[in-house]
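Inspection log for the structure reproduced underneath, given as structure tokens.
The numbers here are math on the coordinates, done by the rules we state, and not lab data. All values reported here derive from a predicted model rather than from experimental measurement. All Cβ positions, even for glycine, are placed from backbone atoms using ideal geometry, and neighbour counts span all protein chains on display.
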Amino acid sequence: MLCATVFVIFDTVRTIQDARGQLALIGRAMASDLLDLSPETIVVTLNESIHAYRPDATATLRSADSAPVGLVSHDIAEGPDGIVSLELDQTEALAGIWQRGLGAYALALLIVVLTWRRPGAGDKPDAWQRRTYQTLASAIPLGVACWTKTGSLIVCNQQYRDRLSLNSSAVTYHDAVKQLIQGGYIKLLSEDNHNRLLELHREDGSCLMIDERPLGEGGFMTLVSDVTEAKRTDTLLNAIREEQRLLARRYHEEKLKAEAASRSKTNFLAHLSHDIRTPLNHIIGFAELMKHQTYGPLGDDRYADYVQSIKASGEHLLASFATILDLAELEGGQKQMRSDAVPVDDLLDGMAQRFRGQANRAGLTLVVGEPCGAVLTADRLGMQRMLGNIIENAVRFTPSGGRVTLAAFAAHDGVVLEVSDTGLGMSEERLASLSQPFALGDATFTREGIGPGLGISIARAIAELSGGRMAIDSSPSLGTTVAISLPLPMQDVMQAAE
């Protein structure tokens with residue numbers, strides 16, 4: 001009985017641990033699909049797809065200071081709105097424990113009775129013992145059969161008969177083995193001097209575990225249990241683990257390829273920029289000499305226009321290659337960002353003064369929002385270039401009579417810089433293409449001097465290197481809003497929290 005009690009305790013702990021392990025594996029297998037989702041969306045997504053792994057599993061959202069509701073749960077995501085947990089139905093998860101516990105106690109009692117024999121008893125038990133054996137065997141929720149040392153059947157319960165499709169009571173151990181082998185195959189798992197463990201695989205896909213244990217005076221007992229669901233669960237877990245290993249390997253390989261491609265791109269652009277900028281400088285220098293007619297007149301007046309065109313085109317190409325090289329350095333992480341104290345209000349006022357003349361010439365109204373009083377720790381020149389690229393696009397693509405607004409909004413943990421315009425706007429397809437460098441879009445955006453289309457890409461790279469993110473919202477004919485969220489210094493966040 002002590003052994004049965006220990007078995008029940010061990011079985012309960014193991015069942016809970018296995019269930020939690022399954023939830024952890026399922027959570028990791030689905031984690032790659034949940035990176036950019038809010039906790040509420042994660043709950044909906046998980047509840048739609050988790051039933052492919054465990055039909056009895058659900059996803060819940062609870063507060064950070066509350067404990068899990070059930071014994072079988074696993075936390076997979078934590079955010080400001082709470083903790084997302086996977087939970088199993090406690091009744092479903094622990095359903096088999098009481099059955100196995102009852103079987104363990106009944107089996108222990110049966111073994112005690114079987115090993116207790118009256119003096120003078122022969123090889124076969126008498127009628128009283130048979131009734132006792134039959135009563136105990138019927139209470140065990142497993143297929144049970146007891147045999148004499150010669151292989152004659154002493155007693156078996158109905159589950160054992162159903163497993164082997166036995167109709168006659170006069171059956172021997174060899175007959176039972178033949179019946180088991182039909183329609184499947186037996187695999188020996190372990191064997192020693194006392195016990196033998198077998199696994200029976202049937203044609204219908206079911207799997208039975210056969211455990212043979214010794215009894216007194218040479219007899220032995222056969223226990224038959226259905227482990228089909230356990231095998232399917234193990235197969236599923238192994239498949240999930242293998243998929244995780246493959247995904248991790250592919251991710252590592254693709255990461256190495258992407259890093260190598262990024263390094264190659266940066267090196268290529270650096271060499272290309274150097275090789276082209278050197279002759280361009282010569283072209284621009286000689287064009288400047290010819291423009292001033294340093295060594296004498298050119299002759300025809302049209303040559304002066306040609307020289308000016310050569311100089312302007314060379315300077316445009318030189319600026320384009322400088323921009324390309326800057327983007328390559330930013331994306332490759334090779335450009336060091338300084339940590340300057342940057343007052344946000346001064347930054348916006350400076351950018352407004354810089355672009356006010358250009359906006360007036362384009363017939364636009366340039367407006368600066370209310371002060372926010374925040375101070376960023378960032379690269380001052382980088383912040384100016386980031387906002388300058390965005391404001392320049394807003395002024396360029398806003399028709400005369402429009403409006404460009406600069407604003408900043410401060411919170412306890414960060415600042416949002418916002419540039420809005422009432423310009424041409426963009427469709428969803430055009431907006432999606434902005435994440436790709438050199439994307440100039442359709443003919444609506446093809447204007448003189450637009451450049452290689454790297455302004456937004458450079459602004460996004462500076463924002464990300466500064467620890468922030470950039471988001472763009474736009475609608476055709478209504479305008480565009482570019483919002484950049486940047487973190488505040490940690491000491492300011494701590495003071496705001498106090």
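Sort Leu153, Leu417 so the one with the fewest other Cβ atoms within 10 Å of its own Cβ comes first.
Values: Leu153 20, Leu417 27.
Listing Leu153, Leu417 from fewest to most nearby Cβ atoms yields Leu153, Leu417.
Give me Cys156, Cys207 ranked fewest to most by other Cβ atoms within 10 Å of their Cβ, as a rough exposure proxy. Spell out each step's value before the answer.
Details: Cys156 26, Cys207 18.
Ascending Cβ contact count within 10 Å gives the list Cys207, Cys156.
Between their Cα atoms, which of Lys311/Lys335; Lys291/Lys311; Lys265/Lys311 are more than 19 Å away from each other?
Details: Lys311/Lys335 30 Å; Lys291/Lys311 9 Å; Lys265/Lys311 29 Å.
Lys311/Lys335; Lys265/Lys311, as the Cα separations exceed 19 Å there.
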Of the listed pairs Lys149/Lys231; Lys149/Lys178; Lys231/Lys255; Lys149/Lys187, which have alpha-carbon separations greater than 27 Å here?
Lys149/Lys231; Lys231/Lys255
For Arg469, distant residues with modelled amide H under 5 Å away:
Ser485
Roughly how large, in nm² to one decimal, is the mean projection of the convex hull of the alpha-carbon atoms in the range 244-331?
7.1 nm²
